[in-house]
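Below: one structure, written as structure tokens.
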Amino acid sequence: MSATTAAVPAPEAPERVRPRGRRRHDLRRFLLQRLGTGVVLLVGITLVAFVLTHLVPGDPAAANLGQRAIGDPAAVAAFNHQYGLDRPLPVQYVLYLKNLLHGNLGISEQSHRPVLTDLEEYVPATIELALFAIVVSLVIGIGLGIVAAMYRDRWPDQLIRVISLGGVSMPVFWIALVAFYLLFFKLGWLPGGGRLDPTQGAPHHLTGLFTVDAALHGQWTLFWSALRHLLLPGLVLAVYTVGMLTRFTRASMLEIMGNDYVRAARLKGLPEHVVILRHVLRPALVSIITVAGVAFGSLLSGTVLVENIFSWPGVGQYAYRSAVNLDLPAIMGVSLFVALVYIVVNLVVDLLYGVIDPRIRLS
Amino acid sequence: MKRIRTRALAPPPWRRPLALGGLAVIAAWAVIAIFAPLIAPQNPLAQKFTILAGPSAAHWFGTDELGRDVFSRVLFGARITLPLAVILIVVAMVIGAIIGGVAGFFGGWVDNILMRVADLVFAFPGIILALAVAAALGAQLRNAVIAVVVVSWPSYARLVRSLVLSARSAQYVVASRLLGASGVRVLFTDIRPNAAGPVLVLAALDIGNAVLLLSGLSFLGLGAQPPTAEWGAMVAEGTQNFNDWWVGLFPGLAILTVVLAFNFIGDALRDMLDPRTARAVRL
């Protein structure tokens with residue numbers, strides 16, 4: 001992964017003074033390079049997904065045609081011809097890439113709609129869920145990590161260790177069931193599924209994130225409803241990443257606390273919170289956001305399970321349905337989406353390095 | 001030298017209550033798995049009781065929608081999860097170590113191709129790839145295990161590759177080469193024992209995740225098939241009867257205790273044996 005760029009120079013190192021123009025040039029070259037590797041990765045993912053899905057023994061015709069049609073050779077042949085399954089594999093792959101260039105991801109074998117249309121419908125729901133969960137995890141995870149590092153080996157640290165290890169050990173589908181039972185079924189505090197109440201219509205489409213759209217249009221009842229629906233699946237999804245980020249924040253804070261310059265900051269009489277936040281947390285953030293990028297990937301994994309339980313109409317459910325029905329174009333579409341998210345997340349992480357520590361050069 | 005330093009920094013094993021607790025839990029589950037037919041009060045597949053009865057003296061964990069004893073099913077579930085977790089981690093470790101060792105030792109285009117493939121698999125969110133593999137091979141427990149292996153090997157490949165790369169210029173390897181040892185011999189007799197520690201730490205940290213992924217696939221119906229008493233599949237039955245909380249709660253608790261115990265052990269092992277390598281690879 002791109003963690004290599006995170007090599008933190010020693011804090012005492014003299015600052016490199018560089019002209020502004022050169023810097024902008026660096027950024028452009030960096031972005032172009034990233035675009036290049038991104039395209040290579042996308043093509044690689046399509047190849048892997050293609051080989052995996054097409055070389056396996058499963059028979060898409062059997063999975064998608066009804067009981068009666070499967071006995072009819074003509075129907076099977078027509079199905080295979082319609083989806084191009086009767087051609088040699090390399091030809092199928094080249095055709096897929098060619099269509100991809102024109103923004104055509106093929107037709108889903110279950111929904112009989114273009115895969116792109118399906119994705120446009122489901123992607124915003126998943127993005128909203130995952131963004132909510134990652135923000136919650138960053139706030140709670142970094143917070144707990146700081147406390148644990150400050151109270152190293154004393155009871156708050158031990159307690160937080162149990163919480164964070166518990167978080168990464170909990171089966172997400174099980175904690176979803178428990179939360180659903182308690183907070184929806186028993187206590188009725190939160191809605192149990194969907195993005196809005198059944199009587200409510202979606203807010204005007206801008207971003208597709210219901211909370212954001214509703215807020216932008218000042219539809220506050222709709223906003224509250226969307227937020228309440230987001231809470232249960234979002235928090236359940238965050239359980240694992242909170243644990244992950246807590247453990248990592250603690251470890252990297254402790255590593256940095258051992259440095260002489262932290263002792264120097266304390267010795268010159270800086271208040272403890274300044275030492276922790278400015279001299280320890282800031283350099284630690286560089287490695288924390290690297291992990292946050294990885295955490296975002298594991299959130300996407302979690303959506304498959306969580307969306308299924310809370311009937312959240314997102315890519316996770318779509319991925320599950322497509323995989324079970326061997327809907328090859330849809331599986332390929334989901335893979336592309338996942339790869340795209342991966343590329344964007346890594347890019348954001350790399351750009352954030354520069355914001356947190358201006359001495360880190362993009363390369 | 002390095003060993004002495006890390007020992008001095010980290011508390012010894014007997015001062016680690018969490019790790020000891022983890023060991024005790026795994027040992028307890030292992031005993032349950034071996035002696036399940038003797039311990040379990042009922043046949044886990046017998047459908048002869050009142051359906052969906054709450055926990056009682058006769059059925060500690062209640063009964064499920066087919067009138068089976070949940071307590072007995074949870075005990076028998078250990079016979080599936082524990083051995084499969086160990087098998088799949090060992091297989092993933094061996095495959096990953098071979099690929100990583102070859103990549104690191106030969107370098108060049110071999111290294112490039114193998115590591116790009118590893119990166120691709122790594123970039124993919126585990127369950128989505130596993131889902132595709134398991135669905136394509138067919139919904140069976142065996143195929144779910146294969147799917148988890150497919151997802152898990154790259155972290156071992158990366159770790160072993162970096163260990164081999166750093167060992168390649170080490171004095172003992174150079175000495176062995178000068179004595180006329182072949183590349184393969186150096187890889188297996190000289191480098192392998194030195195790489196074993198970090199790889200085992202990674203495996204201890206990874207096994208909990210493997211359990212979660214495998215039971216997740218079963219939860220989705222792509223792993224163990226009914227009527228097998230598998231914990232993930234049992235939690236799925238719980239979602240269909242969510243107002244009868246005992247159906248899903250107890251199998252989930254079983255998964256939680258196993259994964260938590262493995263993570264406690266892995267955490268302590270990492271502190272004791274190898275503070276740096278394991279973290280660099282598996283964050």
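Computed from the coordinates by the stated procedures, all read-outs in this text should not be read as laboratory data. A quick note: this is a predicted structure, and the numbers were derived from the prediction, not measured. Using ideal geometry, Cβ is built from the backbone for each residue, glycine included, and neighbour counts are taken over all protein chains shown.
Structure values in brief
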quantity	calculated
Chymotrypsin sites (Phe, Trp or Tyr not before Pro) within segment A:175-238, DSSP loop, no more than 12 other Cβ atoms inside 10 Å	A:Trp189
Relative packing of A:333-345, B:35-47, which averages over residues the other C-beta atoms within 10 Å, highest first	A:333-345, B:35-47
Residue order, fewest to most beta carbons within 10 Å, for B:Asp190, A:Asp260	A:Asp260, B:Asp190
Likely footprinting exposure, A:Ile309, A:Ile289, B:Ile113, fewest C-beta neighbours within 10 Å first	B:Ile113, A:Ile289, A:Ile309
Neighbouring partner chain Cβ atoms per residue of A:320-326, average, 10 Å criterion	5
DSSP H segments from chain B that extend 15 Å or more along their own axis, Cα-based, with Kyte-Doolittle mean of -0.5 or above	B:17-39, B:70-106, B:108-123, B:126-137, B:141-168, B:192-219, B:246-273
Neighbour-limited loop hits for chymotrypsin sites (Phe, Trp or Tyr not before Pro), segment B:86-165 (at most 12 other Cβ within 10 Å; DSSP other than H, G, I, E, B)	none
Partner chain coverage, peptide B:236-244 - average Cβ within 10 angstrom	3
CD proxy at 222 nm, helix term only [per DSSP H run n ≥ 4: -39500 (n - 2.57); per residue of chain B; nearest 500]	-24500 deg cm²/dmol
At most 11 other Cβ within 10 Å, DSSP loop - trypsin sites (Lys or Arg not before Pro), segment A:255-340	A:Lys268
Backbone HN-Hα couplings from phi across segment A:282-294 [Karplus 6.51/-1.76/1.60, Hz, Gly and Pro as x]	4, x, 5, 4, 4, 7, 5, 6, 4, 5, 4, x, 4
Pairwise centroid distance, computed over Cα atoms, of segment A:220-277 with segment A:76-101, Å	49
Under the Karplus curve 6.51 cos²θ - 1.76 cosθ + 1.60, θ = phi - 60°, whole-Hz ³J(HN,Hα) for segment A:108-125, x wherever Gly or Pro sits	5, 6, 9, 8, 6, 10, x, 4, 4, 4, 4, 4, 4, 6, 8, 4, x, 4
Order by protection proxy (mean Cβ within 10 Å, highest first), peptides A:136-149, A:90-103, A:242-255	A:242-255, A:136-149, A:90-103
Test item: B:117-125 mean partner chain Cβ contacts at 10 Å	6
Gyration tensor (alpha-carbon) shape descriptor, chain B, a/c threshold 1.5	prolate
Sorted by Cβ neighbour density within 10 Å, fewest at the top, the residues B:Thr81, A:Thr211	A:Thr211, B:Thr81
Segment A:321-363 and segment A:178-213: distance between their alpha carbon centers, rounded to Å	27
Nonlocal amide H pairs with A:Ile107, under 5 Å, H built at 1.01 Å	A:Val115
